[in-house]
Each structure stands twice: as C-alpha cells, then as structure tokens.
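Student: Before anything else, here's the structure in question.
Read the figures in this text as sums done on the coordinates, not as results from a lab. These numbers were taken from a predicted model, which means no experiment stands behind them. Cβ sites come from the backbone with ideal geometry, for glycine too, and all protein chains shown count toward neighbours.
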Amino acid sequence: MAISIVIINQKGGVGKTTTAVNLAYGLSLIGKKVLVFDLDAQGNLSSWLGAIEKSGLSVYDFLMGGEGRPSSVREGLDVIAGGQELIGLDQELAARPAKELVLKNKLVTFKADYDFILMDTPPSLGILSLNALVASDYYIIPVQAEYLALEGLAHLVNNLRLITETVNKNLACLGVLITMVDNRLLHSKQVILEIEQVFTNQVFKTKIPRSIKVSEAASYSKSLLEYDPISPVSQAYFSFISEVLERVRLQSLKAVNT
C-alpha cells in the first residue's frame, strides 16, 4: 500500500516543486514506484518532468470523474498533471458533499500500484490543498532560509494542527526542510536557528543550498539528480531522500508498536 506525502506551504517560491520533483525522481532511482500529483494550476512540476506533452490523466479529469492512466515520465515515475484547467476547481469542488474527501476517495484506485504517492500543492490553503492533506499520511514543509519566508508559517502550522485533530487524525509531520540556504550569509544562519528553535526535532538535518543548477535543470526538463548528480544541491537532495526513507521507517515502526 502506497505511502502518501504532501509537500505543503501556502507561500510560493520556497522550493515545494523542486523538492517534489527531486524526491520523486530519487525514489524512482532506488526502485520505488512513485506517482506524483501536480495540484498547482501553474503546472510547473508537470512541465519540469515533461508530463504536459503527454496525453495522460490530468488532476482535473481525475477529480471530476474522467478516465485514463497517469503519464509515465521514466521507469517507476508517473505524473498526474496539473495546469490551467485547475483554475476555479476549488469552486467546483466546494459545491460537492464531503468536498475534502474527493481526492482521498478516488486515490484508492492507485494505492496498490505504487510505493509512494507525492503531492505538490499550490501556494494557498484552498480546497485542493485540503484534499491533499486529507488524502496523505505525512506532510513535508519546505521553508526558505529567509525571514520573509517565515511569514504565515504559524498560520500554516495551526491549520495543519486543526486538520490532524479533525478530518485526518493519521496525518503526521515528516519534517521541515530548509531550502535555498546561503551559508555565506549571517541572515541565512539566523533564520535556520530560528526555525530549529520553533520546530526542534522536526527539522531535517539536510539543508538545501541555493543553486543556479535548479533553474538549469528545469530548463532541460530534468531533475537535479539527473542533470548534475554530483553538484552540492543534488548531493543535498540525495541526503534528504535518505532522511525521508528513514523517518518513514521509524514512523511505521512507531505505528506498529502503538
């Protein structure tokens, strides 16, 4: 049965899509079968992984009752693409009964086919993001190493707490990932300290450095791990993937023993 992880932060530009792309690609590299949902109307993940050009199932069709299969972008990695048709979908779903359960109920058809299901969310806490959180086992919060990126974080944490107390009691925090770190700047180091003080043992040990390689890889529709696997940013994502697997393992053991 697949493990579902949502990448969530209501603030844009913090590395959600970069994290989703490279986590998905890295898991597929080690033999895991991975399905990624691009829940953002911008469709950046779908474009990055080359799913836009394919005629596979889209998120809109999936949620609105359409048929089809996800787009296969490499061995072990499939994508259900987002895009402009998601604009206004929040309003369409709002009219449905149990609107927060639509994705979870439909996801059952794919749960047995994959090891991991990842969800890249839009920069908002609308109904699509709520559906992703209700349908997931874990969430990861990417946070940019800048003070402005901390704005709204308390609001996000409060909303996540409400969701775990009401509609998805099984949802757990897998960790907070600090991204776009520039170790030359005192500013970055101060932000990291503040995040670690607030989230304590939830922060991933791995910190993702700022790098032009991210934009370069996206322009070639390749993950960082494929584009330049020996670069510092790629090595950081490899380390992050190892941490994710270890945390999932420990969470699973904890669940068995309780």
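Student: By its C-alpha gyration tensor, with a ≥ b ≥ c as the square roots of the eigenvalues, how is the stretch 100-239 shaped: rounded for a/c under 1.5, else prolate for a/b larger than b/c, else oblate? Present the calculation step by step, with values, prior to reporting the outcome.
Tutor: On the way: a/c = 2.18, a/b = 1.29, b/c = 1.68.
Taking the square roots of the gyration eigenvalues as a ≥ b ≥ c, the stretch 100-239 is oblate.
Student: Using Cα positions and a limit of under 18 Å, work out the aspartates and glutamates in reach of Lys205, with same-chain residues fewer than 8 apart set aside.
Tutor: Counting by Cα, and skipping residues close in sequence, Lys205 has these aspartates and glutamates nearby: Glu146, Asp182, Glu194, Glu196, Glu243, Glu246.
Student: Find how many whole Å separate the alpha carbon centroid of the stretch 18-33 from the alpha carbon centroid of the stretch 105-131.
Tutor: 16
Student: Could you check which residue among Glu246, Glu226, Glu146 shows the biggest mean-square fluctuation in a GNM of the chain with a 10 Å Cα cutoff?
Tutor: Of Glu246, Glu226, Glu146, the Gaussian network model singles out Glu246 as fluctuating most.
Student: Follow-up question, since we're still on this one. Starting with the fewest neighbours, write out Ser242, Ser4 ranked by other beta-carbon atoms found within 10 Å of each beta-carbon. Don't skip to the answer; put the middle values down first.
Tutor: Working: Ser242 14, Ser4 24.
By the 10 Å Cβ count, ascending, the order reads Ser242, Ser4.
Student: For the chain, modelled as a GNM with alpha-carbon contacts under 10 angstrom, which of Gln91, Gln202, Gln42 fluctuates the most?
Tutor: Gln91
Student: Dipole size in debye (nearest 20) for the chain around its Cα centre, Lys and Arg Cβ +1, Asp and Glu Cβ -1? It would help to have the intermediate numbers written out before the result.
Tutor: Values: 24 positive and 26 negative charges, 115 e Å.
Result for the chain is approximately 560 debye, rounded to the nearest 20.
Student: Top mean-square fluctuation among Leu160, Leu148, Leu89, Gaussian network model of the chain, C-alpha springs under 10 Å?
Tutor: It is Leu148.
Student: Rounded, prolate or oblate: pick one for the stretch 3-248, where a ≥ b ≥ c are the square roots of the eigenvalues of its C-alpha gyration tensor, a/c under 1.5 means rounded, and failing that, prolate if a/b is larger than b/c, else oblate.
Tutor: On the way: a/c = 1.67, a/b = 1.22, b/c = 1.37.
Verdict is oblate for the stretch 3-248.
Student: A further question on this structure: Let me check I've understood the local charge: for Thr166, count other residues with C-beta under 15 angstrom from its C-beta, Lys and Arg +1, Asp and Glu -1. What total comes out? Don't skip to the end; give the middle numbers.
Tutor: Details: positive: Lys99, Lys104, Arg161, Lys169; negative: Glu100, Glu165.
Every neighbour counted, the sum reads +2.
Student: For every helix of n ≥ 4 consecutive DSSP H residues, a contribution of -39,500 (n - 2.57) applies; sum these over the chain, divide by its total residues, and give [θ] at 222 nm rounded to the nearest 500 deg cm²/dmol.
Tutor: Details: 11 runs with 111 residues, N = 258.
Helix contribution divided over all residues of the chain: -12500 deg cm²/dmol.
Student: How big is the charge dipole of the stretch 148-258 about its Cα centre, in debye rounded to the nearest 20, if each Lys and Arg gets +1 on its Cβ and each Asp and Glu gets -1 on its Cβ?
Tutor: With only Lys, Arg, Asp and Glu charged at Cβ, the dipole is about 200 debye.
Student: Moving on. Report D for the stretch 61-107 in µm² per second (integer): Stokes-Einstein, Kirkwood Rh on Cα pairs, 20 °C, 1.002 mPa s.
Tutor: 176
Student: Quick one: compute the contact order of the stretch 7-65, relative version, from alpha carbon pairs under 8 angstrom and 6+ residues apart, as a percent. Mind dumping the intermediate values first?
Tutor: On the way: 25 pairs, mean separation 15.1, N = 59.
This gives 26 percent for the stretch 7-65.
Student: Also, I was wondering about something else. May I ask for log10 I(q)/I(0) of the stretch 110-180 at q = 0.17, 0.20 Å⁻¹, from a Debye sum over the Cα atoms as equal point scatterers with solvent left out?
Tutor: Per q value, in the given order, log10 I(q)/I(0) is -0.69, -0.93.
Student: I'd like the antiparallel share, as a percent to the nearest 5, of DSSP beta bridges with both residues in the chain.
Tutor: Once the DSSP bridges in the chain are tallied, antiparallel ones form about 10 percent.
Student: Would you tally the net charge around Phe204, using a Cβ to Cβ cut-off of less than 10 Å, leaving Phe204 out, and scoring K and R as +1, D and E as -1?
Tutor: Once all neighbours under 10 Å are counted, the net charge is +2.
Student: Which of Lys54/Lys222; Lys16/Lys54; Lys54/Lys213; Lys111/Lys169; Lys106/Lys254 have a Cα-Cα distance over 21 Å?
Tutor: In this structure, Lys16/Lys54; Lys54/Lys213; Lys106/Lys254 lie more than 21 Å apart at Cα.
Student: Tell me, what ³J(HN,Hα) does each residue in the stretch 73-84 have, in order and in whole Hz, if you take phi through Karplus 6.51 cos²θ - 1.76 cosθ + 1.60 with θ = phi - 60° and put x for Gly and Pro?
Tutor: 9, 6, 4, x, 9, 10, 10, 9, 6, x, x, 4
Student: Taking neighbour Cβ counts within 10 Å as the exposure measure, how do Ser129, Ser211, Ser223 sort from fewest upward?
Tutor: The fewest-first ordering by Cβ neighbours comes to Ser211, Ser129, Ser223.
Student: Neighbour counts of other C-beta atoms within 10 Å: give me Phe37, Phe238, Phe204 arranged from fewest to most.
Tutor: Phe238, Phe204, Phe37
Student: Note the full-extension length gain between Thr200 and Glu216 as 0.36 nm times their separation in residues minus their Cα-Cα distance, in nm to one decimal.
Tutor: Details: separation 16, 0.36 × 16 = 5.76 nm, distance 3.34 nm.
The span from Thr200 to Glu216 would gain 2.4 nm if fully extended.
Student: Set Lys and Arg Cβ to +1 and Asp and Glu Cβ to -1, take the dipole of the stretch 155-220 about its Cα centre, and tell me which of Ala172, Ser219, Asn158 lies farthest positive.
Tutor: Sorting the options by dipole projection puts first Ser219.
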